[in-house]
Structures are given as structure tokens and as C-alpha cells.
Amino acid sequence: MLISLAPLLLALPTPGDLLLEDTRLATLPEGVALEGEPITDPNGDPYQVVHRVVWSPDGRRVAYVGIKGEATHPVIGDEVLDDYHYISAPEFSADGEHVLFRVGNRKTKSRELWALLYDGEEVGGEDWIGEPRLSPDGLAIAYWIQPGARVTSSGPYNRGAQIFCLSERKGSKWKTSKSPKYDDASSLNRPVFSADGKVVATSCMDGSEWSILRFTRGKKKPKAEGQFFSPWVDLALSPDGKRWAATVHTFEDLMAGGNPRSPGGGANYRIQFDGKTVGRHYDAAGGPVFSPKGDKLAYKVKRGNRYGIGYDDRDDVEPSYDFVYRPVFEPKGKGIAYVAASGVSPEPYWSVTSMGEYNLKGGTRFVVRESLSRRKPAQGTEWLEIKDLVFSPDGEHLAYAARDAEGWQVVLDEVAGPRHDEVGAPRFSEDSATLVHGARDGAEIWWRVWAADSEPAPDSE
């Protein structure tokens, strides 16, 4: 029988240690909110502005974009920083020691000034900066810039050459390596670091062709590889950064099926991997994910209006769900878990990409867990939303965040914890004995802890 885990004494750990005690980390400052007034998108559809709390992986810190009156502010812990016109969601380094925001201000009708906000201090200043990525060790930032960028009278930026930057911290100073100028880039998609943090990848356009661009830290020149009709949508690096896989439209697809950018053309998304095209057994394939050792590749596949998970370019999977999300590998790479959806109608163009996951509405979600050798799926409980699947290091436990009509919960081995207004991504301790996650209840922001072999503590008062 599962037993309750009592809260432990509150004490801060040493830097980098995983916090294993229930701790209140911060409180929303007076006058600061996470939700703003509804606004209307370019298609005329209203949507609610909602900023999410981001917890550091070690559970010691939080950061978010806060709304105070008509201004938006970066917030770290309980500290409200200066306001900016534009702020991207924060990102923490793997050890929780560093936090990065992308910020910008409109200076005139046609000119803006953008910067990187690293641990609360501005780094650089550019006419425009794309979405950045912080390296796992927190000592490097990868991002695109567009020198001379200007806002046109119709609203969007003028098109101009872009440069990829890798800024590395050397003591108290930053040293930046830059690529040549490229005609276009995937600058609104965050670059991707390898698990060891030594390699970072993105994509660029030179003339009429798109390529994957890889930077190795410590080297001056990036390496461009591959030739595609479109930029990558989902890019994955092997843990050592030596291999990559990307969801793209290839020139072969263009010749065989017409313009993939036309309505319904997303059916010929494919995966480029190790110099070959993967997923031709299906109508479409995308969202590649490497196994922890980098020796296997799993991805989403589509046939007709049904979806499933394929791997290693095999053709023996019969898609059977209304929709699936990108898979997560078990630590030893012998099995996977993924979210499937029922009662939904995904938009065809983006359906095998991560964009299709973000825009999916309605229906229900459930977790599917299966062995790659037996492919016998086991389905979990249905929820309105599911996110952040994670296996314990020993592969024995599976946790995720889920929402029903009353709020968010963390689910461990299909046992649901207390409801909260918001929860962060769950994480296990190295010995797999403890599950931890962030939680927000009203204005209070917490780090919650429960044993992996016991029932969670009851709802907090």
C-alpha cells in the first residue's frame, strides 16, 4: 500500500544540488500578474496572454515574465527587473546557476534595440536578436542577429542578411564567434545544443537552399550541411553532437509532390538523417528524437489521417491514433513513451511537427508506453492536457504533468498528485527514489517533493 511522504525541513542546498525538500521559493510580488488582457491575433482571433513560471532544474530558483500595469518585466525569484516592450520566456542552465531572457525595446517607429538578459544583466545590443539558447553549463549563448533590421510600415521586419553568433563567457567578459552572413535563417526557432554542450546547431539559407549549420565550441568556423527546400522545423542532435536529424521538405519531395508550402502540402514532410531521407514508408514523418546513447532514432509518422511512432526507418508501424506527440526514450533506449490524442483534428500542414502539438485543441490525451522490441502499447488515464514526460534514471518510473477540468497535477506511474494552478516539469533524483517538481498555488510558488514509491502528500492548505 502506498504511504504519504511528510514535508522535510526547509534548507537551501549547495549550488547545483537537487533540492529534495518542500520549499516555498517565491511569491508573486504585489501588483504583478501572469495573465494579461486578451488580444487579437493577425487572423482576428482573440487569445489570452498567459506567462508561465519557469523553475530551475535543481529547484532552487524561479523566473518568469510578469505583467505590472501595462508593462512587462523579467522576474527572478522575488526581484522585479526593469520593464521591456518585448520579453521571451526565460531559460535556466542545467545546474540552475544562470538564467537567460531575450528582451527588446521599440526606440522609434522603425527601429528596435534587442539584448540578452543574462543573470539580470544586459549582454550586447543589436537591431534584432532571434530566440537564443543557453548552453547546458550556462557559459555559452547561441542566437541569430540581423544587423540593420527595421520595422516596415506594414508591421513585419524588412528582410536582411542574418549572422549566427555563439557568445562564450570568459571570466567576467564575453567572446563572440560569428558565422558569415546568410540570406535567411531559422532565427525564431531556438538553436539546439548537444547533451554535452559542445555542439550547437541551427539552419540557414544561402541562395535558394537551406542547410543545417553546426558550431563546435572552441572552433571559429561553423559547418553547413545538407540541402533542403525549407528550413528545419524540428532539429535533433545526438548526445555527442556528431549526428543530426531534422524535419524538412527535401527537393525530392518538391519534384515529386508539388509545392509543399501549398495547403495540405505538409503531407510530404520527411526526416533528413545521416545523409538519407527517413520516413518514406509513410505519408509524412517528423519530430525526430535520439535515444540516450544516440544509436536509435524515433519520430512521428502519418498514414492517411492516423498517427503513430516509428523508429530507425522501419516500415512495420501501423499508425492508429488521431494524433501523437514526440516520443521520449527510456534511459536504456529499449522503450519509449509518448502522448496520444483522441477526438482531435490536427492541422495537416504541421501535424508531424512540434508546431502541430502547440496548436492542437480539444479532445483528450493519454500516455502510451511500449517496448521497441515487442511494440505492445500500454495506455494510461485520459486527461485534457499532458506534457513533460520523464523516466526515472533506472527506467522503472514514468512521470508527467496533466490537466483536468479542475487544474494541473503531476502523475507518477498513473497515480495523480495534488492539484495546482500550475506545475513545472517533473524530475527524478539520481537514485530514482524521489520525484520533484515546481508548483504554483495562487501567488505562492513552490518546489514539491514526494517519494517515487509512495503516494504524494495531500493538497496543500
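Values quoted throughout were computed directly from the atomic coordinates according to the rules given, and no laboratory measurement underlies them. Everything quoted here is computed from the prediction, not taken from an experiment. All Cβ positions, glycine included, derive from the backbone under ideal geometry; neighbour counts span all protein chains shown.
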Could you calculate the contour length gain from residue 39 to residue 221, that is, 0.36 nm times the residue separation minus the distance between their Cα atoms, to one decimal place in nm?
61.2 nm
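What does the C-alpha gyration tensor say about the overall shape of region 65-126? Classify as rounded when a/c is under 1.5, otherwise prolate if a/b is larger than b/c, or oblate. Before the final figure, lay out the partial values.
Working: a/c = 2.66, a/b = 1.41, b/c = 1.88.
Oblate shape, in that a/c is at least 1.5 and b/c is the bigger or equal ratio.
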Treat the count of other C-beta atoms within 10 Å as a stand-in for reagent exposure and order 118, 157, 307 from fewest to most.
157, 118, 307
When we measure straight from the Cα of residue 293, which aspartates and glutamates land under 13 angstrom away, once same-chain ones fewer than 8 places off are left out?
196, 240, 330
By the scheme Lys and Arg +1, Asp and Glu -1, what is the net charge of all other residues having a beta-carbon under 11 Å from that of residue 30?
0
Honestly region 355-431 on the Cα gyration tensor test (a ≥ b ≥ c root eigenvalues; a/c under 1.5 rounded, otherwise a/b vs b/c for prolate or oblate) is just oblate
So how much slack lies between residue 306 and residue 332, counting 0.36 nm per residue of separation and subtracting their Cα-Cα distance, in nm?
6.5 nm
Given the candidates 81, 54, 44, the one whose Cα lies deepest towards the positive end of the charge dipole of region 40-93, counting +1 at each Lys or Arg C-beta and -1 at each Asp or Glu C-beta, is 54
Local net charge near residue 110, Cβ-Cβ under 14 Å (Lys/Arg +1, Asp/Glu -1)
+3
Note to self: C-alpha centroids of region 143-209 and region 78-112 sit apart, in Å, by 17
Scalar couplings 3J(HN,Hα) for region 118-123 by Karplus 6.51 cos²θ - 1.76 cosθ + 1.60 (θ = phi - 60°), nearest whole Hz, x for Gly and Pro, are 9, 6, x, 10, 6, 10
At a threshold of 8 angstrom on Cα-Cα distance, excluding pairs fewer than six apart, so keeping six or more, what relative contact order does the chain reach in percent?
9
Considering only C-alpha atoms, what is the centroid distance from region 282-355 to region 400-426, in Å?
24
In nm, what is the difference between 0.36 nm times the number of residues separating residue 359 and residue 384 and their Cα-Cα distance?
7.6 nm
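What's the local net charge at residue 453, with K and R +1, D and E -1, over the other residues with C-beta under 11 Å away? Kindly include the intermediate steps, with their values, before the conclusion.
Values: positive: none; negative: 396, 413, 455.
Local net charge: -3.
For region 287-406, what is the per residue volume of the convex hull drawn over the alpha-carbon atoms, in cubic angstrom?
Per-residue hull volume (Cα only) is 103 Å³.
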